[in-house]
Number of protein chains: 2
Amino acid sequence: MEHIKKYISEIKDYPKEGIVFKDINPIYKQPKLWNQLMLPLEKLISEAKPNYIAGIESRGFISASALAFKLELGFIPIRKPNKLPGKVIGVNYKLEYGEDRLEIQQNLIERNSKVIILDDLLATGGTANAAGNLIKEAGANLIGYAFLVELTALEGRNKLDSNLLIESLIKY
Amino acid sequence: MEHIKKYISEIKDYPKEGIVFKDINPIYKQPKLWNQLMLPLEKLISEAKPNYIAGIESRGFISASALAFKLELGFIPIRKPNKLPGKVIGVNYKLEYGEDRLEIQQNLIERNSKVIILDDLLATGGTANAAGNLIKEAGANLIGYAFLVELTALEGRNKLDSNLLIESLIKY
């Protein structure tokens, strides 16, 4: 996957000073490259046989829904507060400064069904861990996490349950 | 497609009083149903041969990226203000109360490439029309719009360029 790094734009001081943002939008616009990138996850997820792939708003929706649709699995949206209609379940979690919250629709996931979370980026792991807790809170069986990009220096992987499948495609 | 309506939840007074929100998340979690729903768009878009499918943040990302990935077309994210890294092009547009803005990354789309916008919902048409103007502003060739659900009473279709392909799957 190393040869794909040259298509990932690096944008300095975004979203704030000191951060070099990894922009994978140039991959999504090149379907052959995008398919090539996702191939290992297609295999992995096909073998793991989840019922659902859950994606985290907004960037996380892109590859999670794409892969769910192609593999004929259900897609579950995990969203920021007050974005989902009807009754929701939520979890709050800490950010470097302040707090954030993720929500899922109540009764959208069948109890004990198998869910994989697929997100574009594993950074500090806070969001991924919160999303995982939310899936468990909803009564489903979280079987793992998959990421397109992992920023290894931030050790986000250590925040996640090491008994689960944790896979990333491109490591920095 | 009429038989699919029973899987669309109707949520009263969401996001505000007087609106009955059509929730298609129950379809995304049922892959057979989701695939069945999308089949006419798969055919239509395959025949129209665009280079890209553009999706509008956040719900619009779901089916736009799914179909782009399956049909091996590029996916282009259209986002709310200040969500895209690097240089962007934006358009402002009027809402019932106030104003909103959509943005796209500069130079992400090749000039004169063919683009279809795929969104979950055609309501008043304001967002879809703004997204179309943005695609043209970026120098690309907008060839049409596709929607999962159309609220026909709001006549959003009349806001869109009638020379283009305009298709919706489920009409209310």
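Couple of notes before you dig in:
- Per residue of chain B, the DSSP helices (runs of n ≥ 4 H) give a summed -39500 (n - 2.57) that works out to -8500 deg cm²/dmol at 222 nm.
- By the rule of a C-alpha distance below 23 Å, with chain neighbours fewer than 8 residues away ignored, the lysines paired with B:Lys136 are A:Lys29, B:Lys49, B:Lys80, B:Lys83, B:Lys87, B:Lys94, B:Lys114, B:Lys159.
- Residue-averaged beta-carbon neighbours from other chains (10 angstrom radius) around A:23-36: 5
- You can think of it this way: the chain between A:Asn133 and A:Glu155 has 6.1 nm of extra reach, that is 0.36 nm per residue less the Cα-Cα gap.
- Candidates B:Tyr97, B:Tyr14, B:Tyr52: whichever shows maximal mean-square fluctuation once chain B is modelled as a Gaussian network with Cα springs under 10 Å: B:Tyr97
- Among beta bridges identified by DSSP and lying wholly in the protein assembly as shown, the antiparallel ones come to about 35 percent.
- Positive-end ranking of B:Tyr14, A:Gly144, A:Asn133 along the dipole of the protein assembly as shown, with charges on Cβ about the Cα centre, is headed by A:Gly144.
- If only the Cβ of Lys and Arg carry +1 and only the Cβ of Asp and Glu carry -1, the dipole of the protein assembly as shown around its Cα centre is close to 280 debye.
- Spatially, the stretch A:114-128 and the stretch B:53-128 are offset by 24 Å when compared through their Cα centroids.
- Among beta bridges that DSSP assigns inside the stretch A:49-171, antiparallel share in %, nearest 5: 25 percent
- Once the chain from A:Lys5 to A:Tyr93 is taken as fully extended at 0.36 nm per residue, the excess over their C-alpha distance is 28.6 nm.
Quick note: the coordinates plus some simple rules give every number you see, no bench work behind them. In this text, all values refer to a predicted model and were calculated from it rather than measured experimentally. Glycine gets a Cβ as well: all are built from the backbone with ideal geometry, and neighbour counts include every protein chain shown.
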